[in-house]
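Shown next, in structure tokens, is the structure this report addresses.
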Amino acid sequence: MPTTRRYLMCAPRYFEVAYSINPWMDPSKPVNHDLVMRQWQTLRDTYVELGHKVEQIDPQPGLPDMVFSANSATVIDGRVLGARFRAEQRAAEADHYRRWFNENGYHNVVMPTCINEAEGDFAWTGRYLLAGTGFRTDPGAHAEAQEVLGVPVVSLHLTDPRYYHLDTALFVLNEDEPNIAYYPEAFSEGSRRVLRRLFPDAVIATAHDAETFGLNAVSDGRNVILPTESTGLAAQLTDRGYEPIFVDISELKKSGGGPKCCTMEIRG
Ligand code: ARG
């Protein structure tokens, strides 16, 4: 069953691919600015139509990746753990988001000491926090998240540079009876065993699903927002009783982003 969510998003007003910090980013390839604004607006409108609440933070000039709000905080039960970016180019985003939380009634935002790219590498299943490392988030941030958020953390190792954030290789389908979809090849051998043990009934994505950013999906427990090209994954989801909803993310993908990257969930 779907549950109503509260999301924080940031319009891609200053979006561009000005630098390259993941294998998808090629600054020589043009980005269509009007198109990225429309794609983002459609994503936002889709959430609103589904009954979710969407908050917005003002985009800042000079921070082209600020649209990827998922990277800037992890919020569980009203506790907010901020971010600390690996790339210098994104560092200033963390403080803009910290300020947004302060101004919106969250006065105890904890800023991490370890590199922590928030929901880029953290996925809340309702029982534990799955935490990625290997490219961005420091393993020390996993222990920090456990302490600050008071939730059990399960560390997972990412091994394929194309899937540099956990949310490019895995997403949570449902929190009541926690289940996930993931692309096993993006993980180390040990992490694959951990995932098989925790989620024997998981949806297993193909290379095509992963390449089309199908794992960068957002589920409310029933509706799953995912990229238009991820048709195989969508068919598997339909078989399981989920409702796939396609969105076009062609421009966001030029920066290595998709629906989930643009969507931070505020839990409580
Ligand atoms: N260009 C951004 C970066 O490399 C994309 C971030 C995508 N966000 C995400 N949650 N995976 O940092």
Equivalent ellipsoid dimensions for the range 130-268 as semi-axes, Å, which come from the Cα gyration tensor, largest first: 22, 17, 16
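List the relative contact order of the range 188-238 as a percent without decimals, with contacts defined as Cα pairs under 8 Å and 6+ residues apart. Show your work: numbers first, answer last.
Numbers: 35 pairs, mean separation 15.3, N = 51.
Once divided by the residue count of the range 188-238, the mean separation gives 30 percent.
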Relative contact order of the range 38-167, pairs being alpha-carbon contacts under 8 Å that are 6 or more residues apart, as %: 20
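Roughly speaking, what is the stretch gain from residue 228 to residue 176, that is 0.36 nm per residue apart minus the C-alpha to C-alpha distance, in nm to one decimal?
Details: separation 52, 0.36 × 52 = 18.72 nm, distance 2.69 nm.
Additional length available on full extension: 16.0 nm.
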Convex hull per residue volume in Å³, alpha carbons only, for the chain: 108
Antiparallel content of DSSP bridges confined to the chain, in %, to 5: 50
Value at 222 nm in deg cm²/dmol, rounded to 500, when DSSP H runs of n ≥ 4 in the chain each add -39,500 (n - 2.57): -7000 deg cm²/dmol
Beta bridges per DSSP with both ends in the range 178-268, % antiparallel, nearest 5: 20
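Could you order 111, 264 so the one with the most accessible surface comes first? Probe is 1.4 Å.
Ranked list, largest accessible area first: 111, 264.
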Local electrostatic count at residue 254 - Lys and Arg +1, Asp and Glu -1, tallied over other residues with Cβ under 13 Å: -3
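Give the percent of DSSP beta bridges with both residues in the range 115-188 that are antiparallel, rounded to the nearest 5. Before the final figure, lay out the partial values.
On the way: 8 of 13 bridges.
Of the beta bridges lying entirely in the range 115-188, close to 60 percent run antiparallel.
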Scattering curve values for the range 160-240, log₁₀ I(q)/I(0), Debye with Cα scatterers, q = 0.16, 0.20, 0.24, 0.27 Å⁻¹: -0.53, -0.84, -1.21, -1.48
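Report, in debye and to the nearest 20, how large the dipole of the chain comes out about its Cα centre when Lys and Arg carry +1 and Asp and Glu carry -1 on their Cβ. Spell out each step's value before the answer.
Numbers: 26 positive and 36 negative charges, 51 e Å.
Roughly 240 debye for the chain.
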Residue 114 versus residue 207: modelled label distance in nm, points set 7 Å from Cα along the beta carbon direction: 3.3
Net charge over other residues, Cβ less than 9 angstrom from the Cβ of residue 158 (K, R count +1; D, E count -1): -1
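Can you pull a Stokes-Einstein diffusion coefficient for the range 67-154 at 25 °C (0.890 mPa s), Rh from Kirkwood over Cα pairs, as a whole number of µm²/s? List each step's numbers first, then the result.
Working: Rh = 12.7 Å.
This corresponds to a translational diffusion coefficient of 194 µm²/s.
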Computed magnitude of the charge dipole of the range 130-268 (debye, nearest 20; Cβ of K, R +1, Cβ of D, E -1): 240
Mean shadow area of the range 147-199 over all directions, Cα convex hull, nm²: 4.2
Most fluctuating residue given options 250, 230, 188, as computed from a GNM of the chain linking Cα atoms under 10 Å: 188
Ranked order, 19, 182 - accessible area, probe 1.4 Å, largest first: 19, 182
Long-range HN-HN contacts of residue 224 with modeled amide H, under 5 Å: 243, 245
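The values are calculated or read from the model by the stated rules, or taken from the named source; none is laboratory data. Since the model is a prediction, treat every value here as computed from it, not as a measurement. Cβ: placed from backbone, ideal geometry, glycine included. Neighbour counts: every protein chain shown. The accessibility values were calculated without ligands, DNA or RNA, using every heavy atom of the protein model including side chains. Shrake-Rupley method; radii C 1.70, N 1.55, O 1.52, S 1.80 Å.
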